[in-house]
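Encoded as structure tokens, the structure appears first; notes follow it.
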């Protein structure tokens, strides 16, 4: 598997799809169903690399979606 690089430590759906050799739509579907845990930041989905690696190893991961508030206006 190709290890994506990202300065902030979170992966995009495209990076997760590349790592898992899956389509981007598959990643979004699994995130929406709660099967693939993600972080929602101002409407954007981001994924913690360790959680994705565990998912790829077949380890059971808690399907949660965390929301992070945006900056105050």
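The values are calculated or read from the model by the stated rules, or taken from the named source; none is laboratory data. Keep in mind that what you see is a predicted model, and the values were worked out from it rather than measured. Note that we place each Cβ from the backbone using ideal geometry, even for glycine, and neighbour counts take in every protein chain shown.
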Selected residue (only one of 4, 71 is more than 11 Å from the chain's Cα centre (by Cα), surrounded by 13 or more Cβ atoms within 10 Å (Cβ to Cβ), modelled with pLDDT under 95 and in a loop (DSSP other than H, G, I, E, B)): 4
Scope the stretch 24-51; condition in a helix (DSSP H, G or I) and either under 9 Å from the mean Cα position of the chain (by Cα) or at positive phi (or both); matching residues: 27, 28, 31, 49, 51
Candidate set: the stretch 41-62, residues that are closer than 14 Å to residue 28 by Cα and out of contact with any strand residue (DSSP E or B) (no Cβ under 9 Å at 6 or more places or on another chain); chosen: the one modelled with the lowest pLDDT: 43
